[in-house]
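Working notes, beginning with the structure itself.
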Amino acid sequence: MLFKELDKLKRDAIMAAIILMIIGILFIIIPSDYVTFAGGTIGFALLVVCAASVFDFAGSTKALIHYIKLAVGLLAGLIGIELFIFEELFIMTLSWLVGTIPIILGIIEIFYAVIFAKRSKRRGWWVLVILSSLLVLFGIFVFINPWIKGTQVFMQVIGCSLLYSSVIYLLSLIWIWPMHRE
């Protein structure tokens, strides 16, 4: 049972790394002209989620979980409306989100490297600490973004950040995951 769950976690981690990699590549190749279109599309999708949550709540038994889903749906609708009204909100939200993801992943990977890889006496565990520290610094750079002026350059920096995050995530799986002895 435990090994099935560990295999499921490993598959989920690999899928998360693949998704981060694909999103990073998309951010690198998407022209900056489509950024406002993407913001409007995501705003419309959030409004659809809001409408679906309201209709789901109307036909529900009104349990606590339905109230929570309604609150999340209404919040999604509010964010969707704001994405329609404020064009810069999409880029600002994207910088916060993409800056936060590498910081959190980097801190978690540093923790895993020190706790698991060092204790299991894996060779080169300190490389993972250095790469994860660089990931945290890259996340802080994206979060603050002091030198990025153009939208195209900013989208490429976001794409590179997500690509680097996925590579570090895959490397940590190699270093941290237990090896089978035959």
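The values are calculated or read from the model by the stated rules, or taken from the named source; none is laboratory data. Remember, predicted model here, so these are calculated numbers, not experimental data. Neighbour counts are summed over all protein chains in view; Cβ atoms, including those assigned to glycine, are modelled from backbone coordinates with ideal geometry. What goes into the accessible areas is simple: the full protein's heavy atoms, side chains included, and nothing from ligands, DNA or RNA. Shrake-Rupley method; radii C 1.70, N 1.55, O 1.52, S 1.80 Å.
Data for the structure
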read-out: Computed label-point distance, nm, for sites residue 88 and residue 111 using a 7 Å Cα→Cβ extension; value: 3.5
read-out: In order through region 10-18: 3J(HN,Hα) via Karplus (6.51 cos²θ - 1.76 cosθ + 1.60), integer Hz, x for Gly, Pro; value: 5, 5, 5, 5, 5, 5, 4, 5, 5
read-out: Angle between the chain longest axis and helix 35-58 axis [Cα atoms, degrees, rounded to 10]; value: 70
read-out: Percent breakdown of C-alpha pair distances by 5 Å bin, ordered from the shortest bin, for region 1-103; value: 2, 11, 13, 15, 15, 15, 15, 10, 3, 1, 0
read-out: Carbon/sulfur fraction of accessible area - the chain, other protein chains in place, 1.4 Å, %; value: 75
read-out: Value of Rg/Rh across region 96-167 [Cα atoms, Kirkwood radius]; value: 1.08
read-out: Convex hull volume of the chain per residue (C-alpha atoms, cubic angstrom); value: 152
read-out: The chain, relative contact order [Cα under 8 Å, separation at least 6], %; value: 32
read-out: Backbone N within region 71-92 under 16 Å of label point (7 Å from residue 54 Cα along the Cβ vector); value: 71-82
read-out: Packing-based order for 79-89, 101-111, using average beta carbon neighbours within 10 Å, highest first; value: 101-111, 79-89
